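None of the figures in this text is laboratory data; all of them are computed from the coordinates on show. Not measured: the values here are computed from a predicted model. Virtual Cβ from ideal backbone geometry, glycine too; neighbours counted across all protein chains shown.
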Amino acid sequence: MCGEAVVREEGEVAVRCVSASCPAQVKEAIGHFVARKAMDVEGLGDERIDQLLAAKLISDVAGLYTLRAGDLAALDRWGEKSAANVLAEIERSKEAGLARLLFGLGIRHVGEKTGKVLARRFGTMDALRAATEDDLTGVSEIGPETARSILEWLGRPANVLLLSKLEAAGVRMNEPEGAPAPGGPLAGKTFVLTGTLPRRTREEATAAIERAGGKVSGSVSKKTAAVVAGEDPGSKRTKAEALGVPVWSEDDLDAALGGLA
């Protein structure tokens, strides 16, 4: 037992610990933290995480950033090259950004998409930590249950300490591209991408829209602000036209981005 209080969610039978440093959750927490969609640290599978824990080289995710080459190289089936590769991955992960960090921390109800929403809305970890429940539920994608879970996690002393250690280690606490203002040119608007754009990949167009405060959906509805269509747009353009949703070219998107492309 880690000594931290456990909680029972309303309507649930099981109790759970909400501390990020609880020994019963450390291995799972580290595995989630280094996953591809989180901090994306290659070379740290379950077996190697077990080794690090057994050797008492780490006790939480922040411990990853204090590892030394000599300690890793001395472990069974590691060696100097493997140690150097893993340390390079860990160092690179410091620049992953706030959205990936929030997802990687394993906060209840904060998945990959919610991490992006929070990073886009609040921009920095400090701003998120200063947020109230009203601030959080004021974000359209965040409901009361998720808001309470975020506040609960951020308020636990063990988690406050964990964030301090991560920050001291140099882990980025904002987004690499810079936090978009809540009132960005596309704030509150939802877009759908279809077809092949002339100058951007789908991922690049999505990132540009999100930096401008908008979001991207995979399906067209009456609430869609516009469908951005490239070559071979398919049925999404047809549905947009049937619903009276504007169909934009990439040039139209550039104009709407207002220099945030």
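Scan around Gly195 for amide H atoms under 5 Å from its own, H built in the peptide plane at 1.01 Å from N, and keep only partners 5 or more places away or cross-chain. Those lying under 5 Å, H to H, from Gly195 are Gly230. With only the Cα atoms considered, the chain has a convex hull volume of 160 Å³ per residue. In a Gaussian network model over the chain where Cα atoms closer than 10 Å are linked, find which of Gly106, Gly244, Gly115 has the largest mean-square fluctuation. Fluctuation is largest for Gly244. Share of antiparallel DSSP beta bridges in region 190-257, in percent to the nearest 5? So the antiparallel bridges in region 190-257 amount to around 10 percent. Bridges between two residues of the chain, per DSSP, are antiparallel at a rate of about 30%. Remark: the chain carries a charge dipole of roughly 220 debye about the Cα centre, counting +1 on each Lys and Arg Cβ and -1 on each Asp and Glu Cβ. Every helix of 4 or more DSSP H residues in the chain counts as -39500 (n - 2.57), and over all residues that averages to -12500 deg cm²/dmol at 222 nm.
The calculated FRET efficiency for the pair Glu47 and Ala242, based on their C-beta separation and a Förster distance of 41 Å, comes to about 0.15.
Express the relative contact order of the chain as a whole percentage, based on alpha carbon pairs under 8 Å and six or more residues apart in sequence. It comes to 14 percent, rounded to a whole number.
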